[in-house]
Amino acid sequence: MVFGWSVAARYAADAMGQPVTVIEKQSTTTGVVRFELNRVLTGTGHERYKPGDTIVGDRPPDVLARRLLEHGGIDGIHINGSVVSVDIAKGHTAEGLKEIIEDLYTYYRPGVEVPQFPAPAE
């Protein structure tokens, strides 16, 4: 027991994830939208992704880049710390991108059965 919770119950709660708070801002560069997050994705490193790149990692910036690129309408993504800059392809908008970022750490979605765990022993 840890603080009145069994270790299994504590880890199960951690696995559910949390929404990411995102503030969408227009960049001073035309066609680039900047998203400021309340989560650091890369530490102090810079990550860049373009359509057609093979993204093999499973780190949060890799997962996010795959999801954003699958959405389409993007010429490039730059992630540094808690800032995601997206170069929007000509003729497209940033519509739907904020929601993709907000759901990065949400593991249970509609249609996915949520596991049930026994109540912690008293």
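Let's see how each residue does on (1) modelled with pLDDT of 95 or more; (2) of a type in the set (Asp, Glu); (3) more than 15 Å from the chain's Cα centre (by Cα):
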residue	(1), (2), (3)
68	yes, no, no
71	yes, no, no
76	yes, no, yes
79	yes, no, no
83	yes, no, no
89	yes, no, yes
96	yes, no, no
99	no, yes, no
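Set side by side, the residues 74, 100, 79 differ, and just one is surrounded by 11 or more Cβ atoms within 10 Å (Cβ to Cβ) and in contact with a Ser or Thr (Cβ under 6 Å, 6 or more places away or on another chain), which is 79. Per this entry, residue 19 is not counted among residues that are surrounded by 12 or more Cβ atoms within 10 Å (Cβ to Cβ), modelled with pLDDT under 95 and over 15 Å from the mean Cα position of the chain (by Cα).
Total residues in region 65-88 satisfying the condition of being touching a residue at least 24 places away in the same chain (Cβ under 8 Å) and either under 16 Å from residue 34 (Cβ atoms) or assigned to a loop (DSSP other than H, G, I, E, B) (or both): the figure is 15.
Being charged (D, E, K, R), part of a loop (DSSP other than H, G, I, E, B) and within 26 Å of residue 91 (Cβ to Cβ) is the filter here, so list the residues in region 23-64 that pass it. Listed by number, the residues that qualify are 50, 53.
The values are calculated or read from the model by the stated rules, or taken from the named source; none is laboratory data. Remember, predicted model here, so these are calculated numbers, not experimental data. Don't worry about glycine lacking a Cβ; one is built from the backbone with ideal geometry, like all the others, and counts go over all protein chains shown.
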